[in-house]
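Heads up, the thing below is written out as structure tokens.
The values are calculated or read from the model by the stated rules, or taken from the named source; none is laboratory data. Predicted model, so just to flag it, every value in this text is computed and none were measured. Glycine also receives a Cβ, built like all others from the backbone with ideal geometry; neighbour counts cover every protein chain displayed.
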Amino acid sequence: MVVGGVEPVSEQLRLFFVAPELLDADEGAVVAMPEPLQRHVLAVLRLADGARIELRDERARSRVAEVVHGGSEPSLRLGPVRLLERPSGQFIVLVPALIKPKRWAWLLQKATELGADVIAPVESARCVVRWGDDPKKSERSRKILEEAARQSEGHAPPKFLAPVSLEHRVTELAASGAQLVVACPGDDSPLLRVVDGERSVAVFTGPEGGFTDAEVNWLIGQGVRPVQLGPRILRAETAPIAALAALRLRA
């Protein structure tokens, strides 16, 4: 059945993640196609007039849109909005310390593929990378997450929070009621024995060189429980992915 001029999704369509504002428009509306979408839809895929694509946003909303070539600029005719159900499983927040750009991009991609819900980075004493107040770096991270979610056909990209201090993030997450754990090489408490699979969890992992002893002691003093991710020393980009994979596989 056609609703608002565009049939609801019932086939495998090309998937694109867009800003929530695009999904706020009325059903049946014809809206300008965002420039980043134009590059994929028109220049790369060369989709014809009337071709259908699926749009999703970070709020797990979806709608089918029809490509419209007529008029002064490329447009989309929007179908009805539907709310996607969050996949079952534990709600997982990754709290990695900032690391070098190439390794950071890899971390974001794999975290998306494995279904992290939130990525909430921190700046710690041994971080060799500092973002300061540069919003472009957070925006770049969100684009990496969106592209990874599109390629892996994810439910939605993980929510990304701008980096803050370790102290700020602990206060923020403690207020949420999540279990807080920190990966500590050499600790004798395996992750899956410590974490309750029925409750949300936030996993802190250090930068290159790890958290300092003072930072680890401070975290433990704040109620963050130390855990180990196996007998080997993991790289800064590997540790959060190992933790995420273990938690997801348990479910």
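Okay, here's what the table says:
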{"item": "Subset of the range 1-16 that is within 26 Å of ALA148 (Cβ to Cβ) and either aliphatic (A, V, I, L, M) or at pLDDT 85 or above (or both) - its residue that is surrounded by the most Cβ atoms within 10 Å (Cβ to Cβ)", "result": "PHE16"}
{"item": "Unique match (being in contact (Cβ under 8 Å) with a residue 12 or more places away in the chain, more than 23 Å from LYS143 (Cα to Cα) and either in contact with a Lys or Arg (Cβ under 7 Å, 6 or more places away or on another chain) or among the basic types (Lys, Arg) (or both)) among ARG52, ARG77", "result": "ARG77"}
{"item": "Number of positions in the range 109-132 that are assigned to a loop (DSSP other than H, G, I, E, B), touching a strand residue (DSSP E or B) at 6+ places or on another chain (Cβ under 7 Å) and not polar (S, T, N, Q)", "result": "6"}
{"item": "Those residues of the range 8-32 which are farther than 22 Å from HIS155 by Cα and of a type in the set (A, V, I, L, M), in sequence order", "result": "ALA29, VAL30, VAL31, ALA32"}
{"item": "Some residue of the range 166-189 being farther than 30 Å from ARG59 by Cβ, loosely packed, with under 15 Cβ neighbours inside 10 Å and either touching a strand residue (DSSP E or B) at 6+ places or on another chain (Cβ under 6 Å) or assigned by TED's automatic domain parsing to the domain that holds ARG56 (or both)", "result": "yes"}
{"item": "Number of the condition not met by GLU66 [criteria: (1) buried (at least 18 other Cβ atoms within 10 Å of the Cβ); (2) among the acidic types (Asp, Glu); (3) part of a helix (DSSP H, G or I)]", "result": "(3)"}
{"item": "Which listed residue is under 23 Å from ARG235 (Cβ atoms) and of a type in the set (Ser, Thr, Tyr), from THR171, THR212", "result": "THR212"}
{"item": "Checklist (1) farther than 28 Å from ASP196 by Cα; (2) touching a strand residue (DSSP E or B) at 6+ places or on another chain (Cβ under 9 Å); (3) outside any loop (DSSP other than H, G, I, E, B) applied to LYS137, failing item", "result": "(2)"}
{"item": "Checking TRP218 against (1) more than 26 Å from TRP131 (Cβ to Cβ); (2) over 26 Å from the mean Cα position of the chain (by Cα); (3) surrounded by 15 or more Cβ atoms within 10 Å (Cβ to Cβ), the condition it does not meet", "result": "(1)"}
{"item": "Condition check for THR205: among the hydroxyl-bearing types (Ser, Thr, Tyr) and farther than 21 Å from PHE91 by Cβ", "result": "no"}
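For every residue, the table says whether it meets (1) assigned to a helix (DSSP H, G or I); (2) out of contact with any strand residue (DSSP E or B) (no Cβ under 7 Å at 6 or more places or on another chain); (3) surrounded by 15 or more Cβ atoms within 10 Å (Cβ to Cβ).
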| residue | (1), (2), (3) |
| --- | --- |
| LEU23 | yes, no, yes |
| ASP49 | no, no, no |
| LEU55 | no, no, yes |
| GLU58 | no, no, yes |
| LEU76 | no, no, yes |
| LEU107 | yes, no, yes |
